[in-house]
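Notes to accompany the following structure.
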Amino acid sequence: NIGIIGAGHIGSALAVRLTSLGHSVCIANSRGPQTLKDVAQKTGARAVTAQEAAPHGDIVVVTIPLKNIPDLPKDLFSGVAADIPVIDTSNYYPLLRDGQISELESGDLTESEWVQRHLGRPVVKVFNNIYADHLQNKGLPAGTPGRIALPVAGDDAAAKQAVMRLVEELGFDAVDDGSLHESWREQPGTPCYGADLPADKLREQFATLGGHRTAAQHVEYLANHAKQERAMAADGVKLK
């Protein structure tokens, strides 16, 4: 059973793939299940409220805009066992959507550390650095040359292993990205973001980047991301 909170591109792509693999999927958004009839028909998932989606899942996926994380219901995880893994797929887009968040601008926290603080639950970072279309359509059997690898970061070893198994089931090589504090390596602006690297190349990038984010790296990758955002804005891209 999978509970998905967020019915945007990533949430919908996950729902399509997971239902096709035989999982029971509930999906929710901020506007209520009555607005998700088309999504439910397209994906095969059951449209519910967020408070219903979370308890449904053996794994819960939170895939909403970063700026909306603090607005989630405070009782979202009421009745959800402490050992249920919670996936965070969010990315920080200060120019196009989220506005500036001081802890992320300063580098004091990674994006998912910030999310974890607001949710009050340990989270596992994954599915943030792959395009939704690729997530839905580019999974391949294990051992296939060129199979895309996805980084998975988190502080709870058991939760991370459960999520890595799900990543493999979806057709991608799961590569351990270390702790949540090290998940900066898969954030926007870094060489790993959206690159669809195979496992060996992804591990090489991690080794090159190191685990601890230096001040210089933070400045560099924040600048890279700002440049990417400006280019997206010039192309008329709008993020919701």
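The values are calculated or read from the model by the stated rules, or taken from the named source; none is laboratory data. Here the structure is a predicted model, which is why all the values come from computation and not from measurement. Cβ atoms come from the backbone with ideal geometry, glycine included; neighbour counts cover every protein chain shown.
The table that follows gives values for the structure above.
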item	result
Residue match in the stretch 79-89 (condition: in contact with a Leu (Cβ under 8 Å, 6 or more places away or on another chain), touching a residue at least 24 places away in the same chain (Cβ under 8 Å), of a type in the set (Ser, Thr, Tyr) and closer than 20 Å to Gln187 by Cβ)	no
Selection count, the stretch 186-228, where residues are out of contact with any strand residue (DSSP E or B) (no Cβ under 7 Å at 6 or more places or on another chain) and in a helix (DSSP H, G or I)	22
Residue in the stretch 224-231 that is small (Gly, Ala, Ser) and without any contact (Cβ under 8 Å) to a residue 24 or more places away in the chain present	yes
Selection within the stretch 56-97 - of a type in the set (Asp, Glu) and either crowded, with 20+ Cβ neighbours inside 10 Å or not in a helix (DSSP H, G or I) (or both)	Asp58, Asp75, Asp83, Asp88
Boolean, Leu104 is under 20 Å from Leu239 (Cβ atoms), assigned to a helix (DSSP H, G or I), modelled with pLDDT of 95 or more and touching a Phe, Trp or Tyr at 6+ places or on another chain (Cβ under 7 Å)	yes
Residues of the stretch 188-224 that turn out to be farther than 17 Å from Ser106 by Cβ and of a type in the set (Phe, Trp, Tyr), as a count	2
Residue in the stretch 28-43 that is touching a residue at least 12 places away in the same chain (Cβ under 8 Å) and under 21 Å from Ala162 (Cα atoms) present	no
Arg165 being in a helix (DSSP H, G or I), without any contact (Cβ under 8 Å) to a residue 40 or more places away in the chain and in contact with a helix residue (DSSP H, G or I) (Cβ under 9 Å, 6 or more places away or on another chain)	no
Residues (touching a helix residue (DSSP H, G or I) at 6+ places or on another chain (Cβ under 6 Å) and among the polar types (S, T, N, Q)) located in the stretch 188-240	Thr190
Which listed residue is within 20 Å of Cys192 (Cβ to Cβ) and in contact with a Leu (Cβ under 6 Å, 6 or more places away or on another chain), from Gly107, Gly139	Gly139
Scan of the stretch 98-138 for residues that are surrounded by fewer than 15 Cβ atoms within 10 Å (Cβ to Cβ), closer than 21 Å to Gln217 by Cα and touching a residue at least 24 places away in the same chain (Cβ under 8 Å), ordered by number	Glu105
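Table: residues versus (1) within 16 Å of Gln136 (Cα to Cα); (2) in a helix (DSSP H, G or I).
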residue: Gly3; (1), (2): no, no
residue: Ala7; (1), (2): yes, no
residue: Leu14; (1), (2): yes, yes
residue: Arg17; (1), (2): yes, yes
residue: His23; (1), (2): yes, no
residue: Cys26; (1), (2): no, no
residue: Ser30; (1), (2): no, no
residue: Asp38; (1), (2): no, yes
residue: Ala54; (1), (2): no, yes
